[in-house]
Every structure is written in structure tokens, then in C-alpha cells.
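The values are calculated or read from the model by the stated rules, or taken from the named source; none is laboratory data. This is a predicted model, so every value here is computed, not measured. As a convention, Cβ positions derive from the backbone with ideal geometry for all residues, glycine included, and neighbour counts pool all protein chains shown.
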Amino acid sequence: MLDEYQDLIEELLGTPGIVRGAMADGQDAERVKLVVALHERDKTALDRIQRLNRETSPHFKVLPTFDQAAGAAAIPADVTVLLESFETTRGDLVSLLMNLTLKDWERTATHDAGGEVSLVDEVERHVEFDEAFRERFGGYS
């Protein structure tokens with residue numbers, strides 16, 4: 001069980017390096033929009049996991065798909081600030097995940113889509129979003 005959680009965390013660790021390397025080669029508008037979408041999702045995931053840890057019965061709304069989030073992303077005025085903020089938020093998210101107990105991973109929230117969602121479900125969904133990001137991000141040159 002612990003190995004499964006560690007694998008999820010490791011999935012999230014590689015993306016900042018990919019972003020850093022690609023953005024150093026050039027900051028085209030499509031890649032910037034994708035980073036905005038991922039950063040927004042990171043902030044949401046961090047908030048939701050924190051809520052799962054501190055609230056007794058949180059309720060979550062349905063999140064947009066990757067395509068919806070990427071389509072709605074706007075290019076910020078300062079890309080450097082975006083990239084720094086993305087790295088900080090991703091670091092905070094990974095740090096939080098690394099410090100969870102086994103019992104924490106089982107915490108649940110109710111969900112607009114019906115039923116309950118566990119913390120591990122939330123992380124798995126975020127990893128899937130991250131994978132969709134990397135697939136699309138790598139397609140722009």
C-alpha cells in the first residue's frame with residue numbers, strides 16, 4: 001500500500017523539471033497556458049487534500065477536465081512569476097503528501113458527482129491530470 005502512495009508522489013515529482021527545461025527553450029503561448037492550467041489544478045489539489053486532513057466531512061465540487069482547464073487558461077503578465085509559483089505550489093503539494101500517514105490516505109469527502117471520494121482517489125485524479133499535461137506539453141515545440 002505504501003509503495004502505491006510513493007509511486008503517486010514520484011509521478012508528481014518529475015513534472016517541474018520537464019516544465020523548467022521546456023520553458024528555458026522558449027515560452028510559447030500554448031505551453032504557458034498549459035502550465036497555468038496545471039498550476040491552478042495543483043492549487044486546487046493542495047487545498048482539497050488540506051481540507052481532507054483538517055475537516056471532518058468536506059464536500060468537493062466536480063473539477064474541470066484537462067481540456068476544459070487548458071481551454072480556459074489565460075496567459076499571465078509575468079511568466080517568471082507563474083513558473084516560480086508553480087514550483088512552490090507543487091513542492092508544497094508533494095511535501096504534504098510525503099508527510100501523510102497511512103490512515104490519512106483513507107480519509108474521505110462527499111462529492112457533487114455522488115458518493116464519497118478518498119484522499120488517494122483525489123491524488124490519483126491529480127496524477128492523471130498531470131499525465132495529460134505532460135502528454136500535451138511535450139507535443140508543443
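Can you tell me which of (1) more than 25 Å from LEU2 (Cα to Cα); (2) at pLDDT 95 or above; (3) surrounded by 11 or more Cβ atoms within 10 Å (Cβ to Cβ) is the one ILE75 doesn't meet?
(2)
Within the range 40-65, how many residues turn out to be closer than 17 Å to LEU97 by Cα and not aliphatic (A, V, I, L, M)?
Count: 11.
Within the range 99-123, track down each residue that is surrounded by fewer than 18 Cβ atoms within 10 Å (Cβ to Cβ), in contact with a Phe, Trp or Tyr (Cβ under 9 Å, 6 or more places away or on another chain) and either closer than 19 Å to LYS43 by Cα or modelled with pLDDT of 95 or more (or both).
Result: THR110, HIS111, SER118.
Can you spot a residue in the range 22-45 that is outside any helix (DSSP H, G or I) and of a type in the set (A, V, I, L, M)?
No, that holds for no residue.
Does the range 96-123 hold any residues that are within 26 Å of GLY17 (Cβ to Cβ) and either in a helix (DSSP H, G or I) or of a type in the set (Val, Ile, Thr) (or both), and which are they?
LEU96, LEU97, MET98, TRP105, LEU119, VAL120, GLU122, VAL123 - these are the residues of the range 96-123 that are within 26 Å of GLY17 (Cβ to Cβ) and either in a helix (DSSP H, G or I) or of a type in the set (Val, Ile, Thr) (or both).
Pairs please, first residue from the range 58-73 and under 15 Å from ASP112 (Cα atoms) and charged (D, E, K, R), second anywhere and modelled with pLDDT under 95 and outside any loop (DSSP other than H, G, I, E, B), Cβ atoms under 9 Å, 6+ apart in sequence or on different chains.
Final answer for the pair search is LYS61/HIS111.
Would a scan of the range 124-137 turn up a residue that is under 18 Å from GLY14 (Cα atoms), among the small types (Gly, Ala, Ser), without any contact (Cβ under 8 Å) to a residue 60 or more places away in the chain and in a helix (DSSP H, G or I)?
Checked against the condition, which is being under 18 Å from GLY14 (Cα atoms), among the small types (Gly, Ala, Ser), without any contact (Cβ under 8 Å) to a residue 60 or more places away in the chain and in a helix (DSSP H, G or I), the range 124-137 yields no hits at all.
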